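Following: one structure in structure tokens, then a few remarks.
The values are calculated or read from the model by the stated rules, or taken from the named source; none is laboratory data. Just so you know, these numbers come straight off a predicted model, no measurement behind them. Here Cβ is always computed from backbone atoms with ideal geometry, including for glycine, and neighbour counts include all displayed protein chains. The accessibility values were calculated without ligands, DNA or RNA, using every heavy atom of the protein model including side chains. Shrake-Rupley method; radii C 1.70, N 1.55, O 1.52, S 1.80 Å.
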Amino acid sequence: IELTSGQILDYSFESTNKVDFNIHYHEGSDIIYPVIANNTSIESGSFLPVKTEYYCLMWTNPHNESVTITYTYHIRESQK
């Protein structure tokens, strides 16, 4: 998702088992993780990027069984 420094990403998700979640972006060969939530089945929050980038929302399933994830996100302009 491309976000500018003047936008806010509101996000939430629920999964049928605990997962690891992050929001990250790539800077050269580095990966920057401004949001990390491990071992969780429900999260919500607002992310205010400090710079314009392409951000990835990523879920990792540490289990052998599959999980179902339901998520929503909304991009809005910050009120300056």
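Scanning the range 16-56 for residues that are among the small types (Gly, Ala, Ser), within 14 Å of the chain's Cα centre (by Cα) and more than 28 Å from Gln79 (Cβ to Cβ) yields a single hit, Ser41.
Meeting the requirement of 3 or more residues that are touching a residue at least 12 places away in the same chain (Cβ under 8 Å), open to solvent by 40 Å² or more (accessible area, probe 1.4 Å) and out of contact with any His (no Cβ under 9 Å at 6 or more places or on another chain), the strands (runs of 3 or more DSSP E) wholly within the chain are 7-27, 30-47, 69-77.
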